[in-house]
Amino acid sequence: MDWTKLLSSNDFFNENKRSDIDLSRSPFQRDFDRIIFSENFRRLDKKTQVHPLKDNDHVHSRLPHSLEVSCVGRSLGSEVGKRLVNDYKMNPFGDIHDSVVPILTGQIVQSACLAHDIGNPPFGHAGEELIQEWFRKYFIANGNENLEETEKDDLMNFEGNAQAFRVLTKLAMSRNKGGIQATSAVVGSMLKYPWAFSKTLTKSKFCAFTSEIPELKTLAETCGLKSSDKTPNSYSRHPFAFLSEAADDICYNLMDLEDAYELHILNFNEVTDVFLGFFQNRKNFDADKYLSPKSKQSISHLRAMAVSECVNAVVEEFFDKYSEILRGDLPHSHNLIENCNPKIADTMKEAKRLSHDKVFTTDRKTLLEISANTTLSTLLDHFCGAAYEVINNKKPSGNSTRLLKLMGENSPSSSDSLYSAYQKVTDYISGMTDNYAVKIAKHLNGIVD
């Protein structure tokens with residue numbers, strides 16, 4: 001792959017619309033700004049990161065998580081950019097002096113990371129699973145409903161990453177063709193799973209619904225992503241997508257533990273024992289210096305230092321695999337943080353184990369996810385029912401008309417296909433905050449506050 005294409009500042013939806021590099025506000029900084037000001041991003045403030053409907057303001061929602069991932073992504077992009085200039089004499093931005101490349105590569109990964117969760121539904125990954133399960137049960141009960149098999153697959157395997165691609169390229173700033181009209185470099189760097197759904201996939205993750213396959217092909221062509229023969233509509237990762245994935249992994253694994261301490265799920269020693277593991281290879285590291293007092297501030301200090309250790313290890317792993325990454329031959333499953341310096345990788349695995357065993361299994365989280373099932377089922381029952389009615393009966397009932405009015409200007413109409421109508425419902429529901437989803441479900445069940 002060619003860095004000149006990979007770091008294209010062109011609008012990916014219009015390759016002839018070239019964006020000149022102005023360092024006072026580069027096209028990649030513009031992408032960042034547009035994401036920040038979008039309603040889709042703003043609503044992440046009330047969407048679950050780990051703990052649904054949190055009542056502690058110090059605990060992460062999707063919005064601070066996305067901001068933190070963008071900061072780590074900027075560091076990774078800048079460090080990689082610096083090495084590309086110094087060791088590979090790269091200057092893909094033409095006449096601009098080499099010294100600015102780290103600034104721009106940092107902005108690319110920063111913007112991609114900022115948008116990585118923009119398609120996540122309410123209630124986090126549990127919300128994803130609940131939408132998938134609803135459609136699977138629905139199609140078992142109702143048959144194919146005149147949908148193509150690929151269209152059914154999209155709905156039964158609803159994926160937040162694919163919804164993020166849809167939001168970024170279509171739904172956000174929807175009056176514009178191409179969504180927020182982001183640069184090819186930023187969109188490509190966001191796509192951790194650059195393929196459409198296929199039954200041959202070993203994992204359900206993918207980045208493009210059937211409706212966005214044309215956009216995926218356009219992006220792959222613009223960025224010069226290598227086509228894969230594993231599944232149809234499948235491409236190699238953009239090199240910076242490995243960095244976006246690593247930034248996300250670093251943040252959620254470390255911050256989940258810090259949140260768990262805040263919520264009294266984990267004690268001080270449980271958290272600091274993991275964090276200290278990141279410094280096993282440091283000579284003369286005085287652990288006691290960072291363990292007194294036993295306070296949240298001590299944990300935050302250790303976490304900040306751990307992030308720095310992880311960033312350095314990821315950059316080293318990136319360049320250890322640089323040739324394979326640039327050829328598009330490194331397997332998608334190769335996770336930079338899980339395959340880096342063994343001390344770092346093993347400690348990260350321990351952080352994941354601790355979260356899995358003690359954080360994700362709390363009674364409150366379990367009960368709220370059960371409640372989320374009722375909430376999302378209610379929403380899907382009513383809004384998909386109204387969508388089906390407007391497509392098949394042309395004259396929906398009064399209640400269905402009111403439901404569709406609630407969806408606003410993007411509600412299904414009689415001219416839509418059933419697939420498009422159901423997608424508009426998932427667009428609407430996945431865009432909800434946790435709080436709003438609960439509020440609307442209550443009203444649909446006749447419970448008025």
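Details
- Gaussian network model of the chain, springs between alpha carbon atoms under 10 Å - residue of Lys89, Lys365, Lys217 with greatest fluctuation: Lys89
- Here r is the Cβ-Cβ distance between Asn142 and Lys199 and R0 is 22 Å; the resulting FRET efficiency, rounded to 0.05, is 0.60.
- Spacing of the two label points (7 Å from each Cα toward its C-beta) at Asp320 and Asp55, in nm: 4.6
- Length gained on full extension, Ile21 to Lys343, computed as 0.36 nm times the residue gap minus the Cα-Cα distance: 111.9 nm.
- Cα coordinate range in the range 239-359, projected on the principal axes (Å, largest first): 49, 32, 18
- Estimated distance in nm for a label pair at Ser414 and Ile213, the labels positioned 7 Å out from Cα along Cα-to-Cβ: 3.0
- Centroid-to-centroid separation of the range 36-58 and the range 325-343 [C-alpha atoms, Å]: 30
- Cross-linked pairs Lys205/Lys230; Lys46/Lys192; Lys47/Lys349; Lys294/Lys349; Lys205/Lys352; Lys192/Lys352: Cα-Cα separations exceed 22 Å for Lys46/Lys192; Lys47/Lys349; Lys294/Lys349.
- Whole-angstrom gap from the range 194-226 to the range 234-272, using each part's C-alpha centre: 25
- Space enclosed by the convex hull of the alpha-carbon atoms of the chain, per residue, Å³: 150
- Every helix of 4 or more DSSP H residues in the chain counts as -39500 (n - 2.57), and over all residues that averages to -18000 deg cm²/dmol at 222 nm.
- Note on the range 322-406: semi-axes of the ellipsoid equivalent to its C-alpha gyration tensor, largest first and rounded to whole Å, are 46, 24, 7.
All of the numbers you see were taken from the coordinates with simple rules; none came from a lab. Since the model is a prediction, treat every value here as computed from it, not as a measurement. Cβ: placed from backbone, ideal geometry, glycine included. Neighbour counts: every protein chain shown.
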